[in-house]
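The values are calculated or read from the model by the stated rules, or taken from the named source; none is laboratory data. Just so it is clear, the structure is predicted and the values come from calculations on it, not from any experiment. Glycine also receives a Cβ, built like all others from the backbone with ideal geometry; neighbour counts cover every protein chain displayed. Quick note on the areas: whole protein, heavy atoms, side chains included, nothing else; ligands and nucleic acids left out. Shrake-Rupley method; radii C 1.70, N 1.55, O 1.52, S 1.80 Å.
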Amino acid sequence: MTQENSQRLGIVVSGSLNKGVEVRLDSSASVEDMAVGRYVTIEGQKQRFFGMITDVSLGVIDQKLTLTPPDVSDSFTTEVLAGTSTYGMLHVSPYLTIAGDVTSLIEGPQPVKTVPSHFSTANLASDQDIELVFGKEDKERFWIGNPLDMETKVCLNLQEFVKRSNGIFGKSGTGKTFLTRILLIGLLQKSQAVNLIFDMHNEYGWAGTREGGAPVKALKQLFPSNVAVFTLDEENSRRRGVSTDFVVRIGYDEIEPEDIVLLRQTLNLTELAVEAVHQLFRKFGKNWLQSTLALKDTEELPEGLNIHESTLNNLQRGLATIRRLPFIETHAPTNTVGSILNHLDRGINVVLEFGRYRDITSYILVANMLTRRIYAQYQERVEKAMGENTIKPRPLVITIEEAHKFLNPQVANQTIFGTIAREMRKYNVTLLVIDQRPSGIDDEVMSQIGTKITCLLDNERDIDSVLAGTSDKGELKSVLAKLASKQQALIFGHAVPMPMVIRTREYGSPESYRDFISRGEAEINKQAEKDIEELWE
Amino acid sequence: MEESMQMQRVGEVIEASTTEFVAQCYELYQSPPLGSLVKTRDLLVELYGIVYNTTTTSLEPGRRPIARGKDEASEEEIYRSSPQLLELLRSESSALVVGHNQGDKLHHYLPPKPARIHGFVYLCPSEEVKEFSQSFNFLTILINTHLPVSQDELIAACLRQMSQAYEDRYAFLVAAGKELAVLLGGEFNQLKAILERIRQ
Ligand SMILES: Nc1ncnc2c1ncn2[C@@H]1O[C@H](COP(=O)(O)OP(=O)(O)OP(=O)(O)O)[C@@H](O)[C@H]1O
Ligand SMILES: [Mg+2]
């Protein structure tokens, strides 16, 4: 073996560009050491290919062998047959060429346009190969995890990442929250973007829970000067020892019909009740919610409103639920939207924690209302900046959980989140959606998601919806279905040169915190130096 | 080539064709073992053969030996009381040509010409067996020839013999087995029969 850490696997025996190539394993390589998701290089005659194992299978030369199997207790016979009469096959999907032609030498890895020739040698990718493809940690690239069974770092280009809306998927307990926290740290360190996080379960601001262990530190503990924690439930935050920066209150007059549209299902409202909201809003204006709740019966409806008794009752019952939410007041004493924008403008990331109000009604209402108004501000400022040729506001990434509640097909084209997802980043705002049921998200929205990061999914419909639109769905499906139940993910789409499988970077040990912080500070110091230099230019 | 001392001379060619040669053994019953690698020389070319058959018959064609031991106490007594028997009988070994050495290059295919009559026949020493079996190409010849003995038996005997030249006999036999597995392809039953005969 010439290269020390490239291990020979076998030779290419057949294949096609569309379906990938078949590699016949050498008898010295055991199928049992293989795993889908591993990276492989193939030494073609003129080019080097880089790909991923997407399936592993067994072959026999003679079908008789399967009918009258040899005596397996005889190790001699088994050893002779291994790799000759019986052999292992790898299905490898080549994605990139990494050397050989001029373009890939000058411009780095290129998408494949052909397949390696017959009997080309396949090796496990070496550390250098992986670094070549996924890049080294630098000011744009962030170490997000490692390949399965390797110690090399796999990096994600976050500058590219934030150019689109992105999604993190996976069934419950697979590591979405941990991965998101890691990514948010990355965004905070490596991108120009600033984050607004709607933190339904109080996991991102101060501390997060860890299965079978002590809580882990979250963003504000690690980066106190870059993160502000807003809370809906001051008492609860205080009890958890969180140092908060702002207490959020919502006024009745801030709630608009669109918020009610989203809440239709959770509040059990009829179609007609939602229609009535629009009418009432037109009639009463900002105070519509209070005015509606004050109505005793349809008799008291103002002129020109045609709302049935049962519809009004249905609506009033729903609105009463909202009124009971403790953070809602007649008029909000403080300007939450203003304060959030103020922080974001200074480059401070905002985590809004919900305290005890983890019910879906609170979450949808608050996230939607605030996002709608913040987005309106961004829109205005971006348009103004374009008109006057001045600086646009900082790119903003909004993180929401339970994304399908905001982006399901029934509501996706009526809500602000649907709009943001579809507009890409026209107004410098993108989404980071987290969901365990991606099949609940509208197809069109899914197709607009730039980079998808998915942990294990086992529901067929969820898998299909995440992989929809990829050219090698079948292959990726087998990779996705075989991820470990925790801390492993498949990443594909806009920000990565090819689909990649990672073991997510470890989060929660003292070393991991030190690692996150020190890299960040080095980066920030560099930035400070740069800023000072620019002062004198 | 200097005739080395350890090279064991076993007989002399008495019949030759392109594909095989027959050696008469110098001593009755002192034939090279089944499957062993032997060689003989035709001027510049050394021919290698694998012993596939050995016969012991009457020297005079048509005359068959008769039973003699009725009044003897043991089998040895028969030969002791009729010493002329050793002159009347002979052992002959047939070897299948599997390769040759020409100009110091080893080839695992048939030589241009057959062996010469009266060429001396030697049993190859371990070193030479090792060298010859660096390549398993000779197995193709064994597989593709029709012989009076069973092919499976011959191949197995040959590999068993050769393996004795190796310190790691097991590794040699596994390697040979793998070669056979490839050569025999779909003939799994034949492969199995051979493997059963060589397994350690
Ligand atoms: N990168 C990681 N480092 C250390 N531990 C991890 C990591 N990823 C996942 N884990 C472990 O897996 C557990 C579950 O992860 P997490 O809470 O992120 O799952 P989730 O997908 O957000 O689940 P849910 O859908 O229920 O919110 C964590 O409590 C932790 O113990
Ligand atoms: Mg979670």
At most 12 other Cβ within 10 Å, DSSP loop - GluC sites (Glu not before Pro), segment B:104-200 = B:167
Take chain B, connect every pair of alpha-carbon atoms lying under 10 Å apart with a spring to form a Gaussian network, then pick out the residue of B:105, B:130, B:39 with the largest mean-square fluctuation.
-> B:105
On the accessible surface of segment A:400-507, probed at 1.4 Å with all protein chains in place, carbon and sulfur together account for a percent value of 44 percent
For segment A:57-101, with all protein chains present and a 1.4 Å probe, just round the carbon and sulfur fraction of the accessible area to a whole percent.
-> 63 percent
With the 1.4 Å probe rolled over protein heavy atoms, segment A:69-183 has an accessible area per residue in Å² of 39 Å²
Pop out the carbon and sulfur fraction of the accessible area of chain B as a percent, whole number, probe 1.4 Å.
-> 49 percent
GluC sites (Glu not before Pro) within segment B:6-72: which are DSSP loop residues with at most 13 other Cβ atoms inside 10 Å?
-> B:27
About the Cα centre of segment A:8-134, what is the dipole size in debye to 20, counting +1 per Lys and Arg Cβ and -1 per Asp and Glu Cβ, all else neutral?
-> 460 debye
Counting other Cβ atoms within 10 Å, keep those with at most 16, restrict to DSSP loop, and tell me which GluC sites (Glu not before Pro) in segment A:238-311 are left.
-> A:303
Over what distance in Å are the Cα centres of segment B:156-200 and segment A:209-274 separated?
-> 73 Å
Toy charge model, Lys and Arg Cβ at +1, Asp and Glu Cβ at -1: chain A dipole around Cα centroid in debye, rounded to 20, equals 640 debye
Return the long-range amide H neighbours of residue A:505 (sequence gap of 5 or more, or a different chain), with a cut-off of under 5 Å between placed amide H atoms.
-> A:145, A:146
Using a simple charge model, +1 on the beta-carbon of Lys and Arg, -1 on the beta-carbon of Asp and Glu, nothing else, what dipole does segment B:2-198 show about its Cα centre, in debye to the nearest 20?
-> 360 debye
Give a residue-ordered list of calculated ³J(HN,Hα) values for segment A:327-339 (Karplus: 6.51 cos²θ - 1.76 cosθ + 1.60, θ = phi - 60°; whole Hz; x for Gly, Pro).
-> 8, 9, 10, 4, 10, 5, x, 10, 9, 4, 4, x, 5
Summed buried accessible surface, chains B and A, 1.4 Å probe, nearest 100 Å² | 1400 Å²
Shielded by partner chains, segment A:63-81 residues - at least 40 Å² of accessible area, 1.4 Å probe, vs chain alone = A:64, A:76, A:79, A:80
Rounded to the nearest Å, what's the spacing between the alpha carbon centres of segment A:292-332 and segment A:173-188? Just the number, please.
-> 41 Å
Rh_Kirkwood(chain A) over Cα pairs, Å, one decimal, evaluates to 25.9 Å
Greater than 28 Å apart at Cα, pairs in A:153/A:220; A:171/A:217; A:153/A:426; B:113/B:192; A:190/A:486; A:153/A:477 | A:153/A:426; B:113/B:192
Under a 1.4 Å probe, what is the accessible area of segment A:375-439 per residue, stated in Å²?
-> 44 Å²
Pop out a list of residues from segment B:168-199 that are at least 20 Å² less accessible with all the protein chains around than in their chain alone; 1.4 Å probe, no ligands or nucleic acids counted.
-> B:170, B:174, B:178, B:181, B:182, B:185, B:186, B:188, B:189, B:192, B:195, B:199
Segment A:8-134: relative contact order as a whole-number percent, Cα under 8 Å and 6+ apart = 37 percent
Distance between segment A:422-486 and segment A:31-81 - C-alpha centres, whole angstrom = 31 Å
What list of ³J(HN,Hα) couplings, whole Hz, do you get for segment B:21-30 from phi and the Karplus terms 6.51, -1.76, 1.60, once you set θ to phi - 60° and write x for glycine and proline?
-> 9, 10, 10, 8, 7, 5, 10, 4, 6, 8
Yeah, segment B:2-198 with a ≥ b ≥ c from its alpha-carbon gyration tensor (a/c under 1.5 is rounded, else prolate when a/b outruns b/c, oblate otherwise) is prolate
Using θ = phi - 60° and Karplus 6.51 cos²θ - 1.76 cosθ + 1.60, couplings along segment B:35-41 (whole Hz; Gly, Pro as x) = x, 7, 8, 10, 8, 9, 10
Between the residues B:163, A:247, A:156, the Cα farthest towards the positive end of the dipole of the protein assembly as shown, that dipole coming from +1 and -1 charges on the beta-carbon of Lys, Arg, Asp and Glu, is from A:247
Which distance in nm do the two modelled labels at residue B:74 and residue A:238 give, with both placed 7 Å along the Cα-to-Cβ direction?
-> 11.4 nm
Using amide H atoms built 1.01 Å from N in the peptide plane, name the residues 5+ places from residue A:218, or on other chains, whose amide H lies under 5 Å from its own.
-> A:207, A:208
Å² of accessible area per residue within segment A:252-323, as computed with a 1.4 Å probe and no ligands counted | 52 Å²
For segment A:8-134, just say rounded, prolate or oblate: build the C-alpha gyration tensor, square-root its eigenvalues into a ≥ b ≥ c, call rounded for a/c under 1.5, and beyond that prolate if a/b exceeds b/c, oblate if not.
-> prolate
Rounded to the nearest 500 deg cm²/dmol, what is the calculated helix-only ellipticity per residue at 222 nm for the protein assembly as shown, with -39500 (n - 2.57) per DSSP H run of length n ≥ 4?
-> -10500 deg cm²/dmol
